[in-house]
Amino acid sequence: MAGPIYELKEVVKTRAGDGYSFRLRVPSLRISPGEKIALIGESGCGKSTLLDMLAFVLQPSGCERFRFNVEGKEHDIARAWKRRRQNRLAALRRRHLGYVMQTGGLLPYLTVRENMELSRRILGMKDDGTVAALARELGLHRHLEKRPGELSTGERQRVAIGRALAHRPSIVIADEPTASVDPFAAERIMAIFIEMVEARNITVIVASHAWRHIKQLGLRRLAHHTRRSRDGSLAETVVSG
Amino acid sequence: MLLRHWRETLGLASRDYFHEWQISVCFVLALAAVLGPMMVLFGLKFGIVGTMIDELREDPAKREIRPVGSGRYDRAWIDALAKREDVAFVVPRVRAIAATLEVGSARSPRILSLEVIPSAAGDPLLPPGAPAPRGLRQVVLSASAARKLQVSAGDGLEGSLVRRFHGHKERVRLPLTVVGVASARAFGRDALFASVQLNEALEDFRDGRAVPQLGWRGTPPQSRRYTGFRLYARSIYDVAGLEEAFERRGIEVRTQAADIETVRRMDRTLSAIYWAIALIGLVGFSLSLGASLWANVDRKRRELSVLRLVGFRTGDIVWFPLVQSLYTALFGWALAVAIYRAAAWGINLMLAPQLDAAQQVCRLLPQHYLVALGLTAGASVLAAVLAGLRAARVEPSEGLREV
C-alpha cells in the first residue's frame, strides 16, 4: 500500500471578523489513495475551509506539515504557500484536482461540452471520447451543445461533476455538491458521483450537511467537534481522521 | 505550454466578450461616441488647413520674392543667388519700361502691347515639363494673351518695337514662335515670357545700342546692370528666411511671408486645440473603460475564480480584461471610422459647390486611421491593465461560494 496522498499535521486556519473569530484546527489527517472521505456538519463549522486548504486555494494560517503525494512525487504544500509559489499550486490543481462546487461554477459562455473539456484543454489533452462517455454516464449527452443557462440545477451539478472528472484527476473535492438540488435528485446524483469516482479509483472528499444521503455509500466519516467560548466570540473546530 | 495557456485564455476571453454582446456593444458604442467625433474634428482641421497649405504650396506667387523699386544688380550677383539652396528660380529683370513688345498674329486683327517677362528653364509660372523660351525667337504666352491673339504652341507671331534713334523714329519687326502657353492660374495678365537674352535685346534696342544677332544697329554694347530680378523660394517655408537675408543686405523686398506665417500659425493653433481635445477625450474614454473593466472584475469574480481553480495561472488571468478591451478598441475604432466616413462624405458633399474638384474640407490620410487605432488600443490597454492586475488578485477560493 502506497503512502498517504494527503498528510497534514497541526494545520490551522484562523479567521477573524468583527468581534468574532473562528479557528479550524487539524491535529492530524492522513488520506490514502482511493479513499472516500465524508465531511459532515452544519454550515459554518469549517467544512469549506478545510476543503479549500486541501484544494490548495486557501493558505493555512499555520501548519507543521502539509504534504501532497501523487504519482510517486511528494509536494510540500506548506512550503509552496510560504514561498508564494502560486503558479506551482495552480499546476498541481490543474493536473491532479477536480473540484465540484456547491452550485455549478460553470462558465456561462461555454457549452456543456466545452465546460466539461475545460481542464482537458488547458492540459493539452486530446479528445479521446472521455467527455462523451462521461456525458452519457451522467445522462447529459442530449445537452452537450447547450449552455449552462438552459439546464436545470440538477443538470448543472452533473455537468460540474463531469468537468471535475474529465481530466482523470487523482482527487476530486466536492463541497456540498447536492445542496441546491431537491432531496430525491440529490441522492441520485450523489450515488452516481460516488459510483463514478469508485470505478475510476479516484480519491474523493465530499462535504455535506446531510449524512443520511451518503451513509449507505461507504464513505469514511471525518470526526469533528466545534467548541464555542462562553461569550460566543470564539469558535474552534477540530477535525481528526 | 505557455502558448496553450495563452490561446485558451484568449479563446475564453473572446467567448465571454461575444456571449455578453449587449454589454460589449455598449463599450463599443461608448468608444465610437468619443473617437468618431474626434476623427471628424481632426479630418476638418487636416482638410481645411491642408487645403490652405496646398494652395500656398501650389501657388508659385506665394513663393515669389520681389525687390521693391529698382536697383543695380550685376550678372555675377544674380548667379550667386541662383546657387543658394533655398532659391528655386531666379532671373534678372531689365527696366520695366523697356520690357514691352507689340505683338500681332496672322489669325487675329488685334495688336497687343505685351509685358515681357524674363524666363528660363524651371520657371514656376510655366507649366511643368513644358519648354521654356530660349534664344531670341522663342516665346511663351500667358493664357489671356494667347486667347486674344488666337494662337497656340507652334504658331508664329510678329513682334514690333519702336525707338527714337538719331532723331528719327525707327521701327523693327521681330518674327517669333510660340513654344508654349502658361496656365491662366499661374499668370492672369496679358504677357509674353521670353529669354533673358531677348529681354536684353529689347532694352539694348530702346537704349540705342546695337543687337548684332538681330541686325539692329546702334552704339556698341556696354557692361550691363539689371534693375531687378524675378526670384522664387524653394518652398513657402524658405520665404521668411530669404526675406530676412535680403533685408540684411539692405534690399527691400515684398513677399507673402505674412500670409504664409498666418496659415502656419493657424495650423499650429488648431493642432494644439485639437490635441488638447483629443487628449481629454482619450483620457475620459480610458477612465470610463477602466472603470467598467474594473467593475467587470467584480461582476465576474466567480467565473475568474473558477478559472483559477481549474489551474489558470495569475499571468493568464491578467489577459482576460486586456483581450476584451482590445476587442472594444478594435470594434470601437471600426465603428468610429464608419461614423467619420459618413460625416466626411456629408460635409464634403455639402461644401462641394464652394471647392475645387479635388479639394476636400474633411479628409484623413491612411496613416491617420492607423494612428487613431494605435492611440485607442494604447488607451484601452492602459485602462485594462489595472483591471487585469485586480483580476489576477482574485483568490481562487473567493468566488467559489455565493454569499
Whose amide H sits under 5 Å from the amide H of B:TRP216, counting only residues 5 or more places off or on another chain, with H placed in the peptide plane?
B:VAL211
Over chain B, average the accessible area per residue using a 1.4 Å probe and give it in Å², no decimals.
49 Å²
Provide a list, ordered by number, of residues in the range B:304-346 showing at least 50 Å² less accessible area with every protein chain present than when their chain is taken on its own, using a 1.4 Å probe.
B:VAL306, B:LEU309, B:VAL310, B:ARG313
Show me you know the interface measure: the accessible area buried between A and B, both chains summed, probe 1.4 Å, in Å² to the nearest 100.
2600 Å²
Suppose each label sits 7 Å from its Cα in the direction of the beta carbon; what would the B:VAL385-B:ARG84 distance come out to in nanometres?
5.0 nm
Between helix B:314-351 and chain B: long-axis angle, C-alpha atoms, 0 to 90°, nearest 10:
40 degrees
For A:ILE5, enumerate residues with amide H under 5 Å from its amide H, sequence gap 5+ or separate chain, H modeled in the peptide plane.
A:ILE31, A:SER32
Per the 1.4 Å probe, what fraction of the accessible area of the range B:209-249, in percent, lies on carbon and sulfur atoms?
47 percent
Where is the GNM fluctuation largest for chain A (alpha-carbon springs, 10 angstrom cutoff): A:ILE194, A:ILE205, A:ILE122?
A:ILE122
Reported to the nearest 10 Å², B:PHE331 has, with a 1.4 Å probe, an accessible area equal to 80 Å²
Mean-square fluctuation maximum in Gaussian network of chain A, Cα pairs under 10 Å, restricted to A:SER229, A:SER119, A:SER21, hits A:SER229
Based on alpha-carbon atoms only, what is the radius of gyration of the range B:46-164 relative to the globular estimate 2.2 N^0.38 Å?
1.27
Whose amide H sits under 5 Å from the amide H of B:ALA191, counting only residues 5 or more places off or on another chain, with H placed in the peptide plane?
B:SER142, B:ALA145
In Å², rounded to a whole number, the accessible area per residue of chain A with probe 1.4 Å is 44 Å²
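At 222 nm, what value in deg cm²/dmol follows for chain A if DSSP H runs of at least 4 each add -39500 (n - 2.57) and the sum is divided by all its residues, to the nearest 500?
Computed mean residue ellipticity for chain A: -9000 deg cm²/dmol.
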Looking only at B:SER105, B:SER223, B:SER24, which one moves most when chain B is put into a Gaussian network model with springs between Cα atoms under 10 Å?
B:SER223
Label-point separation in nm, B:ARG66 to A:THR226, each point 7 Å along Cα→Cβ
10.2 nm
Give me the mean projected area, in nm² to one decimal, of the convex hull enclosing the Cα positions of the protein assembly as shown.
46.1 nm²
Given the DSSP H assignment, sum -39500 (n - 2.57) over each helix run of at least 4 residues in chain B and divide by its residue total; what's the result at 222 nm in deg cm²/dmol, nearest 500?
-18000 deg cm²/dmol
First compute the accessible area of the range A:59-116 with a 1.4 Å probe, then give the percent of it belonging to carbon and sulfur atoms.
38 percent
What's the center-to-center distance, using Cα atoms, between the range A:130-168 and the range B:361-401 in Å?
35 Å
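The values are calculated or read from the model by the stated rules, or taken from the named source; none is laboratory data. Given the structure is predicted, the values throughout are model-derived calculations rather than measurements. Here Cβ is always computed from backbone atoms with ideal geometry, including for glycine, and neighbour counts include all displayed protein chains. Note: accessible area is taken over every heavy atom of the protein model, side chains too, but ligands, DNA and RNA are not part of it. Shrake-Rupley method; radii C 1.70, N 1.55, O 1.52, S 1.80 Å.
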